[in-house]
Amino acid sequence: MKSENRYVLLDGFRGIAAVLVMFHHFCLLNGVDFLESAYVAVDLFFILGGFVFSASAKNFLRGEQCYFDYAVARLTRFWPLPFLGCLIGGAFYFTQLYIDPTFIGTQRDTLMATFLNCFFIPYITAEPSLNWRWVSLFPVNNPAWFLYFYTLAILFMLPFLKLDKRTLWRLTVSFFLIFFALGVIYTFTTHRERIADLSMGWGLNNFMGGYFRMLFGFTLGILMKRLLDEGDVARFFERHPFIQKLNRWIVASPFILYVLVALMLMVPIDPLWGLYPILMLLLFPIVLISAATYCNPSHFSVRLSQALAWISFPLYSIHMPLSWWVDWAYKKYPDFILFSTVNVYVGMATVCFTGA
């Protein structure tokens, strides 16, 4: 079932989520209102992060590794690729400052944003209303906001691993309720026609929501790992044999769960007035626990899941700044768009498979 504390199917979910987030951002960049619900893939990242965080911290929990050493080891593993993404985005901004008179921004903002974002530190410009690019707290690599909160989780949530299940349940519910309440407030202040907007944490007007988005996801992931380790899931299946048989059928092939999660995130609109993402947040734990019980992976299943996991973090880290270059090439040199697109995405694939 496990290899080096890693769950086979859960690895693949990260790749699916990263691909859908990438396409969601491409749609936004081109003004296409599509894959609107795909932003919930970030919440899937947080939940998986908490689960893996709990699974990988056994040395710390046994007292064989200190808090600082564990945090440094985790952070140094994923820092280089987002750093590269911020450099690519910063290079794009500096280039546009000199060759595009319509580009909105200043040298100071670009320099400061590039320097701070490279170290997962948000940058708040003195004139946030300048342009949509500067509303983001990570202007030179917009998706890096997730890594800021992920870093905070690695640094400060280790004590959560020692909490009992009842406390974890209470914290999970509390964080979710605060997260939802902030989503309602965010919707009200932005005048959107929905009950709640949970896409928080990336910008100036929803930054606080990102903390509780992270706390809810990570705490839920830690709780899920605890329920599996202490046999709660196994006992539930023993009491409900029909559900156990159904679960075995679902996880018989990784394609079933992968397609299910992909379809959940590919809803082209946000139905139920903003409540659909909340429904997904309630379904994700069920799907992930089901995937975590996958006991007899075939060689093909392992390779597929590893491949998806392999591309997930590099793809997430660099897709946005590279897409800016492609978009600029299309508008500046339309006759060479095929050449430009192929080269940029070959470069992206190369980074993914050499840096993953």
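The values are calculated or read from the model by the stated rules, or taken from the named source; none is laboratory data. Just so we're clear, the structure is a prediction, and the values are computed from it rather than from any experiment. For neighbour counting, all protein chains shown are included, and Cβ atoms are generated from backbone atoms with ideal geometry for every residue, glycine included.
Residue 185 falls short of the stated requirement of being surrounded by fewer than 18 Cβ atoms within 10 Å (Cβ to Cβ) and part of a loop (DSSP other than H, G, I, E, B).
The conditions of being among the aliphatic types (A, V, I, L, M), at pLDDT 90 or above and surrounded by 21 or more Cβ atoms within 10 Å (Cβ to Cβ) are not met by residue 208. For the structure I just gave you, tell me whether residue 240 is touching a Pro at 6+ places or on another chain (Cβ under 9 Å), farther than 19 Å from residue 54 by Cα and either of a type outside the set (A, V, I, L, M) or without any contact (Cβ under 8 Å) to a residue 12 or more places away in the chain (or both). So residue 240 fails the test.
Taken across the range 258-271, residues that are assigned to a helix (DSSP H, G or I), free of Cβ contacts under 8 Å to residues at least 40 places away in the same chain, surrounded by 12 or more Cβ atoms within 10 Å (Cβ to Cβ) and over 17 Å from the mean Cα position of the chain (by Cα) do occur, with at least one present. Scanning the range 203-250 for residues that are among the β-branched types (Val, Ile, Thr) and either closer than 30 Å to residue 190 by Cβ or touching a helix residue (DSSP H, G or I) at 6+ places or on another chain (Cβ under 6 Å) (or both) yields 219, 222, 233, 250. Could you look through the range 192-250, keep only residues that are among the β-branched types (Val, Ile, Thr) and within 28 Å of the chain's Cα centre (by Cα), and pick out the one that is farthest from residue 153 (Cα to Cα)? Looking at the filtered set, the residue picked out is 250. Looking across the range 29-44, just one residue is closer than 17 Å to residue 318 by Cβ and either surrounded by fewer than 22 Cβ atoms within 10 Å (Cβ to Cβ) or in contact with a strand residue (DSSP E or B) (Cβ under 8 Å, 6 or more places away or on another chain) (or both), and that is 29.
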